[in-house]
Amino acid sequence: MDSVETWLDGETSEFSSSTDWLDFIRLTQDFIKRCRSGFRIACVTSGGTTVPLEKNTVRFIDNFSAEYFLYQGYAVIFFFRRNSMIPFTNRCCPPGGSCSSTLDSWFDLNATAQSTSSEPLKLNPTFAHRIAEVVRNYAKLRDRLLLVDFTTVEEYLVKLRWICRLLSQEDVCQNGSLLYLAAAVSDFFVPREVMPQHKLHASSEVEEQGANGSFKCEPDGSLTIHLAPVPKVLGLIVSKWAPRTMVVSFKAKVVLERAKSAMKRYGTHAVIANLLHTRKHEAWIIHNLGEIGGKDLQHITLTSSQSAYQSSNPATDIEEVLIQRISDLHSYFLEQRK
């Protein structure tokens, strides 16, 4: 674990002089100082980290992640992958579909609508109502929402450690803090010290690029890359970086015994398990808060009226049910700490 901290210290020094890093420090400190006296604070991570293949990068290995959080009652640091979905704006997207006719219907366009027409276009009433609702909700909640972004796995881990340390401050945790780790973190990456300085290029001969021969260009144009495992930090988050904070992690595969094992190994307080193709309407929550937290395994679906967690109002997003249940578990967690 000390080696992970040493590596992160080195990565932090790479970011520390940048304007982005200084802005990040200022924004997170100011936000927590402003919100800590009146609200519980949640940090929600979202999106997938990228793995650059060159320092002056032109391509990425990219994870896909479409996790988003429906905010209820907390001051929220939304820590998201740059250019991925963020709160409120995702509510303005068409409801499914991937063809131009879907957009035409959503925007209420027809075959006679021309961009050069002098007659102003009118919004589809459904779309207009949705936009107005989104703007109203954002106006109410904007003071309790901070957006901070990341791109690479190194940037994600460095910034996450900083946020965790802010949340671990005793006066913050009196009101309660929560980490909701929904971001899809890469399992492998190219360490900075072995990364080629410039663009990778094809070669007619075997050519090694980068330190320690981590990149090998073959005569046939193929490329062999040696990736290193990304340091595991979940245990550090729970034990050292944010020991007073409730930590919720995600498992992308519904192997419940494996999820329970991971929760026990790293000491997280709850795990949400789901599958990529059913994530919008089905999930499992496993927690270790004991009897006070209710059943330690709960199956949640939007299509069934009989789920482990009963909601009085039908939800349109599974996040609504998940976040309500996690909020309840957070209350139990804080009660245990008294």
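The values are calculated or read from the model by the stated rules, or taken from the named source; none is laboratory data. This is a predicted model, so every value here is computed, not measured. Note that we place each Cβ from the backbone using ideal geometry, even for glycine, and neighbour counts take in every protein chain shown.
Restricting attention to the range 269-281, the residues that are modelled with pLDDT of 90 or more and either over 25 Å from Leu302 (Cβ atoms) or in a helix (DSSP H, G or I) (or both) total 0. Total residues in the range 232-257 satisfying the condition of being farther than 21 Å from Thr301 by Cα and of a type in the set (D, E, K, R): the figure is 3. Mind checking which residues of the range 170-185 are modelled with pLDDT of 85 or more and assigned to a loop (DSSP other than H, G, I, E, B)? Within the range 170-185, Gly176, Ala182, Ala183, Val185 meet the criteria.
Could you grab me the full set of residues in the range 298-323 that are at pLDDT 75 or above and touching a Leu at 6+ places or on another chain (Cβ under 9 Å)? Correct list: Ile300, Asp317, Ile318, Glu319, Glu320, Val321, Leu322, Ile323. Among the residues of the range 151-162, not a single one is out of contact with any Gly (no Cβ under 9 Å at 6 or more places or on another chain), of a type in the set (A, V, I, L, M), in a strand (DSSP E or B) and in contact (Cβ under 8 Å) with a residue 12 or more places away in the chain.
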